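Since the structure comes first, as structure tokens, the remarks are kept for the end.
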Amino acid sequence: MQISDIQKAVRQQKASISRRVEEALKKIEQNSHLNAFTQVFADQARERAQQLEEQLSAGKNPGPLTGVIMAIKDNINIAGRRTTCASKILENFVSPFDATVIQRLREAGAIFIGKTNMDEFAMGSSSENSYFGSVKNPLNPDYVAGGSSGGSAVAVAIGACDAALGSETGGSIRQPASFTGLVGIKPTYGRVSRYGLVAYASSLDQIGVFARTVQDTAAILQIIAGHDEKDSTSAEVEVVDYATTINRDFKELKIGLPKQYFADGLDAEIREGILKITNELAKQGANVEEFDLPLTRYAIATYYIIATAEASSNLARYDGVRYGFRAPEVDDLQEMYASTRSKGFGKEVKRRILLGTYVLSAGYYDAYYKKAMQVRRLIKEELNNAFKKYDVIVTPTTPTTAFKLGEKISDPLTMYLMDIYTVTANLAGICAINLPAGKHSNGLPFGLQVMAPAFREERLFQLGATIERMQS
Amino acid sequence: MEYEAIIGLEVHTQLLTETKIFCGCSTKFGAEPNSQTCPVCLGMPGVLPVLNKKVVEFAVLLGLATNCQIRRSNRFARKNYFYPDLPKGYQISQFEEPICENGYLEIETEQGKKRIGLIRIHMEEDAGKSVHDESYVEANETLIDLNRCGVPLLEIVSAPDIRSPQEAHAYLTQLRQLVRYLGISDGNMEEGSFRCDANISVRPVGQQKFGTRTELKNMNSFAHVQKALEYEIERQTELLKDGKSVEQQTLLWDADKNIAQPMRGKEESHDYRYFPEPDLVPVHIDVAWFDKIKQSLPELPQEKFERFLNQYQLPEYDVRLLTENREVADYFEKVAALFDDFKMISNWMLGEIARVLNEQKISINQLPLKPDKLADLLQAIRKKVVSTSAAKKVFDFLLSNDLSVEQAIEKLGLKQISDESEIEQFVERVIAQHPAEVESFKAGKTKVIGFLVGQVMKLSRGKANPQLVNQLLQKKLKA
Ligand SMILES: [Zn+2]
């Protein structure tokens, strides 16, 4: 059921919120082998459903998301619940406060059904780097669900919730959405408050949404978007009403196709699938044009320098002193730090902390971090220039469909290349969305990415709704 | 060969904001450990800093007062290091783009005025405290109190322009006076709200190149700074004289033993991996905000000093003392608005009032006798309602009694007798009782008059107007 239908149904008492919660819990139970959840809040969700029903029958309006069931990535704080980040080091950490997005969703009437599995501290592209084990793709459990927000994608895909929150640093929503056939949006940097999102790379991180339709994605973003005084980097830019802008005619949009995103390394079937859609758009009257984005080739390197540098600092607080895991049997402070962090973090997290520490070190800072920030600015300029010509940019979301579990885990460089089409949006701070674009002959879905200038999410929804209609 | 010292000072001063620099916690001193904390200053997963604007304003005030260039667009950076009292594993500070740069402070030296350059002033957060107190902890344990964590600091870095411990002292005194004048810090070194580290090297006079420097830490009072610098200058000079070289290192001042000891090597070798703080947007001070801050800049010590000299025509010595502290100067001016014998006010403030403040260890704002009452009292002296000596009794009485000056004089029965016939009676009795002294006066030893005046005063229990007494005595004796 779409969120708008849920709203109608629960208000006319044609659907029981409690029954929907039971159904969701059953889905979670049936799909437990996919390992999508780190925590399930069965009792709390039931209780919340009852409360909402009572409010409704008392004639109150609990909000625009009344009874909407949501799963939350386990790096977003819910007061009184554990925030594990799928890490041993935070396995038992209970957050004392709600993230701003959680507070807003709660006030809008949403129900939180559970926390979802992910790559540890959101570092990964397959949700295999989890202390709690890999997340599996519902379409074929031998394949990955993508990452790092793999659990949130699976939760939506199996019908365990109506929508889910994920987080992005370099493609962590769009890529799993592409691998599982969902809509997934990475909003503009600053569009959604990061307060309560456990930081991986502060200048790139952004909370986003998974849903089954563009409309649902927009409905959730509508609630969580907007300035928050607790996050200085959240923008004071007005949030337009997505529901009214979503049906604008797509023909007014100028669409750019960057050549570099359709070059070597892209699966032929995916290329064909994406171009089929853009051809159709052109046929229906859209203005579609190819163009160059030459700096794309530096995006991955730039991304991994900036992200790891910030991560090395952001993750310094997990030292065993105040909360979380502390290694036992140590003799002094230095050993406590070393042992706690060696045992508490997984391999990929340690790799990135070391990389980040290295690129910030005296003597290397200018060559790596500073240079990367300069390249980042150039990439941003290049994109902004492109947006002077095109309203949106369309690309594939990933070069391939989902890969097999274990296939790339021992080869970090190949794994990092899975983000090749998505990281640019994070580096430039713009918004981007994944839309289901078809099924590969291997039986797995693939996605189409739309990018729009900063704070123009409505364009993503506008074109997204069109493509959705074309697909059905 | 003659040697000279090259000294640069780094001062950290805690700001008197109500709340911490990046969260809403109180900055009050002395609360129950960890009671003034929240997820933000505890560095919980998912928190973000939000800048307290007051800190920017205080930094700009100090920058303006020290002739700095103010960077209207500046930004924070992370200083990364592990320590248990640093919850995030980094300190939010400023690095490449500090808020104030290139200023100076003028100090008085024996050779006259001298400018000490300020390289930079930047904003940062304080760390918490590790508690090793045996009454709290068992052996080998350390407790952490994070109340202080996130309290705003300004770091003020001087150029290596200081040449002696005396100059260092003058610089610190000046700087502390300034932060107090501006009302941005209490400047209390003993309580740790004003801390000083020193960089120091020695070179033969005439040599251009700086020698190898050492860093001196852990000096908890002005006296310690001076002693530590003297010690270190001598140590380095001796080394150079002996043809040895100075090792670059950090030394901790041991105030009990009066020596500086090297810090352990490991804690010294930090690579702080500074990078711009991504959780905060650059601080932009627009024209309107800047002007507003500028307008709130109070009169500075030197300006006040010069104005007092001109306006009140007092000796330099008096003005120096009266303007040393902004509250004292304010007190003086409040009295001066009501009473125009400025020297008399000054005498009372530097005499009686200074004595009371000193004895009771209070600040002038805590003095129960408010400026208007002092003005009334001085007025009473001038109008000869009380004698100066009686006025001192009234003054003391008013410190612990909330009465008007008139009521106090009444209550103490100290109203001065200026009635000639009444005084005449005392005078006649004294002359009668002291024939010997009267004789010597008449014989030309006029100094004896002082004794006789004293006797009259005694007889009147201090209430007689001494000038009248003197006049009447002279008249009677010469008659
Ligand atoms: Zn706090």
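No value in this document is a laboratory result; all are computed from the given coordinates. The model shown is predicted, which means the values in this text are computed figures rather than measured ones. Neighbour counts run over all protein chains shown; Cβ positions are idealised from the backbone, glycine included.
Only one residue of A:Thr401, A:Gly170, A:Ser203 has its Cα farthest out toward the positive end of the dipole of chain A, where Lys and Arg carry +1 and Asp and Glu -1 on Cβ, and that residue is A:Thr401. Placing unit charges on each Cβ (+1 for Lys and Arg, -1 for Asp and Glu) gives chain B a dipole about its Cα centre, and among B:Ile162, B:Gln366, B:Thr214 the Cα reaching farthest toward its positive end belongs to B:Gln366.
Shown is the FRET efficiency for A:Thr245 and A:Lys389, computed with R0 = 25 Å from the Cβ-Cβ distance and rounded to the nearest 0.05: 0.70. When only the Cβ of Lys, Arg, Asp and Glu is charged (+1, +1, -1, -1), the dipole of chain A relative to its Cα centre reaches about 260 debye. Projecting label points 7 angstrom from Cα along Cα→Cβ for A:Asn61 and B:His270 puts them 5.5 nm apart. Highest mean first, the peptides A:186-192, A:455-461 sorted by other C-beta atoms within 10 Å per residue fall in the order A:186-192, A:455-461.
Note on A:Asp267 and B:Val131: their simple-model spin labels are 6.0 nm apart, each label 7 Å out from Cα toward Cβ.
Taking the Cα centre of chain B as origin and assigning +1 to Lys and Arg Cβ atoms and -1 to Asp and Glu Cβ atoms, the resulting dipole is close to 1620 debye.
Summed over qualifying helices (DSSP H, 4 residues or more, each -39500 (n - 2.57)) and divided by its residue number, chain B shows a 222 nm mean residue ellipticity of -12000 deg cm²/dmol. Could you name the aspartates and glutamates whose alpha carbon sits less than 17 Å from that of B:Lys458, not counting residues in the same chain fewer than 8 places away? Partners within reach: B:Asp419, B:Glu420, B:Glu422, B:Glu424, B:Glu428, B:Glu437. In chain A, the calculated helix contribution to ellipticity at 222 nm averages -11500 deg cm²/dmol per residue, counting -39,500 (n - 2.57) for every DSSP H run with n ≥ 4. Radius of gyration over Kirkwood radius for the stretch B:374-479, both on Cα atoms: the Rg/Rh ratio is 1.07. Within a straight-line Cα-Cα reach of under 15 Å, A:Lys389 can be paired with the following aspartates and glutamates, leaving aside sequence neighbours fewer than 8 residues apart in one chain: A:Glu252, A:Glu289, A:Glu290, A:Asp292, A:Glu381.
Count Lys and Arg as plus one, Asp and Glu as minus one, and take only other residues whose Cβ is under 11 Å from that of B:Leu369; the net charge is then -3. The convex hull drawn around the Cα atoms of the stretch B:3-289, when projected onto a plane and averaged over every direction, covers 16.7 nm².
With a length cut of 15 Å (Cα positions projected on each helix's long axis) and a Kyte-Doolittle mean of at least 1.0, go through chain A and give me the DSSP H helices that pass. The qualifying helices are A:214-224.
Between A:Tyr358 and A:Leu378, the FRET efficiency estimated from the beta carbon spacing at R0 = 25 angstrom works out to 0.60. Counted residue by residue at 0.36 nm each, then reduced by the alpha carbon distance between them, the extension gain from B:Cys38 to B:Phe451 reaches 141.4 nm.
Which pairs break 20 Å Cα to Cα here: A:Lys73/A:Lys380; B:Lys79/B:Lys294; A:Lys186/A:Lys350; B:Lys129/B:Lys217; B:Lys384/B:Lys463; A:Lys73/A:Lys186? Those over the limit are A:Lys73/A:Lys380; B:Lys79/B:Lys294; A:Lys186/A:Lys350. Each of B:Ser35, B:Cys196, B:Ser130 was placed along the dipole of chain B (beta-carbon charges, centred on the mean Cα), and the one lying farthest toward the positive end is B:Cys196. Remark on the protein assembly as shown: A:Cys85, A:Cys161, A:Cys431, B:Cys23, B:Cys25, B:Cys38, B:Cys41, B:Cys149, B:Cys196 stand apart, with no other cysteine beta carbon under 4.7 Å.
Using 0.36 nm per residue and subtracting the Cα-Cα separation, the extra length available between B:His434 and B:Asn220 on full extension is 70.8 nm. Our summary gives the stretch B:3-289 a relative contact order of 25 percent, counting only alpha carbon pairs under 8 angstrom and 6 or more residues apart.
Averaged over peptide B:84-91, the number of partner chain Cβ atoms lying within 10 Å of each residue's Cβ comes to 5. The calculated FRET efficiency for the pair B:Ala337 and B:Ala288, based on their C-beta separation and a Förster distance of 35 Å, comes to about 0.55. The Cα atoms of chain A define a convex hull whose projected area, averaged across directions, is 21.7 nm².
Evaluated with a Cβ-only charge set (Lys, Arg +1; Asp, Glu -1), the stretch A:272-337 carries a dipole of roughly 260 debye about its Cα centre, given to the nearest 20. The orientation-averaged projected area of the convex hull spanned by the Cα atoms of the protein assembly as shown comes to 54.6 nm². Scanning residues 5 or more positions from B:Glu277 or on other chains, those with amide H under 5 Å from its amide H are B:Phe76, B:Ala77, B:Arg78, with H placed 1.01 Å from N in the peptide plane. Cross-link partners for B:Lys476 among the lysines, with Cα-Cα distance under 18 Å and sequence neighbours closer than 8 places in the same chain left out: B:Lys442, B:Lys445, B:Lys447. Ordering of A:92-99, A:57-64 by packing is A:92-99, A:57-64, highest average first (other Cβ atoms within 10 Å, averaged per residue). Extension gain, A:Gln13 to A:Glu335, is 109.9 nm, computed as 0.36 nm per intervening residue step minus the present C-alpha separation.
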